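The values are calculated or read from the model by the stated rules, or taken from the named source; none is laboratory data. Keep in mind it's a predicted model, so treat the numbers as computed, not measured. FYI the Cβ positions are ideal-geometry reconstructions off the backbone, even for glycines, and counts take in every protein chain you see.
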Amino acid sequence: MYNDRILKRIDRYCKFFDREESNQVMVCVSPYTFEKAFEGFKGKGKKLNEWNFPNDIDDYISCCIASMKHYLDVTNDIDDDYVPNISPFLGVGFLGAMLTDEDVVFTEDTSWSHAAFKGWSKLQDFSYSLDNKYQQIMQGLFRELKSKQDESFTIGTLSHFAPIDMANAILGNQLFYDYYDHPEQLKYLLDKIADYTINCEERLKAITGYVQDGYTTASMWFPGKGLFMSEDAADLGSSELYREFAMPATQKILNHFGGGYIHHHAKGWQIHKDITELDSMSAVEFSWDPNCLRPVDHLEELYNYHGHTIPLQIRCTPEDVYKNIDIMRKFRLIIMLNVESVKEGIEVAQFLKNEGVRSKT
């Protein structure tokens, strides 16, 4: 079903996950870091708020596929570990509306929705429908994508909000008061959101299927069943709050699927150790953000949390790779590489192969 380019990269990931050993570094050139490739992701100049869903589903998916193929053409000479996958994304507001069915406002490149929860006195009335209008649009996008799939790309499902992120979406920043004012009600809500996430993902997986006995997300392949979840809202609280509120609901989802990829930000340094203690994780991304510590500059500390047991993904530059190669050897590491040219991507991929930390497949 898939071409040799994809199968070769999946084979590398199989070896990466099969061997729970250090001295393994995967590298994916970020598609958003050099202009020539980024042009292919602009929807031919059309902004997100210029699409009309569900009427434009066919055209939108055709544009996503054309954009991906443009990127693959531009980066054809980079022998990295990027697995092309398309996952329709209509902004953060749309993710929240898939649960709440509240109105969504689209902007040029994302979407927003207002806090939708009507108060804790209505908690027992909390419910969701996998057939609301936003669910129908998203399922329609995936069905159209599946119908147009060829051997050149895989399909991932959603970049899901973890339960604490979804609670932030539907409560707004009242969430951070409710940790203290309504702790038991908040825990109940988070548990229900976990159920929603499981059901939503199962519905979408029924459309997309799996990829070579695994799944793709964020341009990577992982074995078994699993999904993407962001813990961004958790980054704004303490370790104690994470362990009491967010962790049990996230763990419930991981337990159901037997795996998952967790994304969070360097603003949440204080909870990173806690995230590494979740069971059944495929990998953890620790994102590099403005005005925060850069994870690549603190690999010695991160090694104390990860060792070579839990794969760590970080973003960095070519200069970071050359400078930190010796400490990188200690991990099972996935690099999302920020480059300024195709040439840089080619050179770093070859450097890591020459250093013996990448599979020679």
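Checked against (1) modelled with pLDDT of 95 or more; (2) assigned to a helix (DSSP H, G or I), Tyr305 passes all but condition (1).
The residue list Tyr215, Tyr210 contains one member that is within 30 Å of Asp80 (Cα to Cα), in contact (Cβ under 8 Å) with a residue 40 or more places away in the chain and among the hydroxyl-bearing types (Ser, Thr, Tyr), which is Tyr215. When Val357, Val321, Val342 are screened for being β-branched (Val, Ile, Thr), touching a helix residue (DSSP H, G or I) at 6+ places or on another chain (Cβ under 6 Å) and in contact (Cβ under 8 Å) with a residue 24 or more places away in the chain, only Val321 passes. Among the conditions (1) surrounded by 16 or more Cβ atoms within 10 Å (Cβ to Cβ); (2) modelled with pLDDT under 95; (3) of a type outside the set (D, E, K, R), the only one that Gln149 does not satisfy is (2). Determine if the range 339-360 includes at least one residue that is out of contact with any strand residue (DSSP E or B) (no Cβ under 9 Å at 6 or more places or on another chain), closer than 16 Å to Asp81 by Cβ and aromatic (Phe, Trp, Tyr). Yes, the conditions are met somewhere in the range 339-360.
Scanning the range 151-178 for residues that are farther than 17 Å from Thr100 by Cα and not hydroxyl-bearing (Ser, Thr, Tyr) yields Glu151, Phe153, Ile155, Gly156, Phe176, Asp178. When the range 102-144 is limited to residues that are of a type in the set (Asp, Glu) and surrounded by fewer than 16 Cβ atoms within 10 Å (Cβ to Cβ), the one that is nearest to the chain's Cα centre (by Cα) turns out to be Asp109.
In the range 125-140, of all residues being part of a helix (DSSP H, G or I) and in contact (Cβ under 8 Å) with a residue 12 or more places away in the chain, the one that is farthest from Asp191 (Cα to Cα) corresponds to Gly140. Within the range 255-278, identify whether any single residue is among the hydroxyl-bearing types (Ser, Thr, Tyr) and more than 21 Å from Thr216 (Cα to Cα), and answer yes or no. No, the range 255-278 contains no residue that is among the hydroxyl-bearing types (Ser, Thr, Tyr) and more than 21 Å from Thr216 (Cα to Cα).
The residue that is nearest to Ala234 (Cα to Cα), among those in the range 260-292 that are small (Gly, Ala, Ser) and crowded, with 19+ Cβ neighbours inside 10 Å, is Gly268.
Among the residues in the range 295-302, are any over 20 Å from His160 (Cβ atoms) and among the β-branched types (Val, Ile, Thr)? Looking through the range 295-302, at least one residue is over 20 Å from His160 (Cβ atoms) and among the β-branched types (Val, Ile, Thr).
Taking Leu227 as the residue in question, decide whether it is within 23 Å of Ala97 (Cα to Cα), out of contact with any strand residue (DSSP E or B) (no Cβ under 8 Å at 6 or more places or on another chain) and surrounded by 21 or more Cβ atoms within 10 Å (Cβ to Cβ). For Leu227, the condition - within 23 Å of Ala97 (Cα to Cα), out of contact with any strand residue (DSSP E or B) (no Cβ under 8 Å at 6 or more places or on another chain) and surrounded by 21 or more Cβ atoms within 10 Å (Cβ to Cβ) - is not met. Which residues, taken from the range 31-62, are closer than 27 Å to Leu337 by Cβ, assigned to a loop (DSSP other than H, G, I, E, B) and at pLDDT 60 or above? If the condition is that a residue be closer than 27 Å to Leu337 by Cβ, assigned to a loop (DSSP other than H, G, I, E, B) and at pLDDT 60 or above, then Pro31, Tyr32, Thr33, Phe34 are the ones that fit. Of all residues in the range 78-112, those satisfying the criterion of being assigned to a loop (DSSP other than H, G, I, E, B), out of contact with any strand residue (DSSP E or B) (no Cβ under 7 Å at 6 or more places or on another chain) and modelled with pLDDT under 95 are Pro88, Asp101, Glu102, Asp103, Thr107, Glu108, Asp109, Thr110. Using the structure shown, decide if Ser219 is among the polar types (S, T, N, Q) and modelled with pLDDT under 95. It is true that Ser219 is among the polar types (S, T, N, Q) and modelled with pLDDT under 95. Do the conditions hold for Ile207, that is, is it of a type in the set (Val, Ile, Thr), closer than 28 Å to Cys28 by Cα, touching a helix residue (DSSP H, G or I) at 6+ places or on another chain (Cβ under 6 Å) and modelled with pLDDT of 95 or more? It is true that Ile207 is of a type in the set (Val, Ile, Thr), closer than 28 Å to Cys28 by Cα, touching a helix residue (DSSP H, G or I) at 6+ places or on another chain (Cβ under 6 Å) and modelled with pLDDT of 95 or more. Inside the range 318-353, residues that are closer than 12 Å to Val25 by Cβ, out of contact with any Lys or Arg (no Cβ under 7 Å at 6 or more places or on another chain) and either surrounded by fewer than 19 Cβ atoms within 10 Å (Cβ to Cβ) or of a type in the set (Phe, Trp, Tyr) (or both) make up a count of 8. Considering the range 308-317, and only residues there that are in contact (Cβ under 8 Å) with a residue 60 or more places away in the chain and not polar (S, T, N, Q), the residue that is surrounded by the most Cβ atoms within 10 Å (Cβ to Cβ) turns out to be Pro311.
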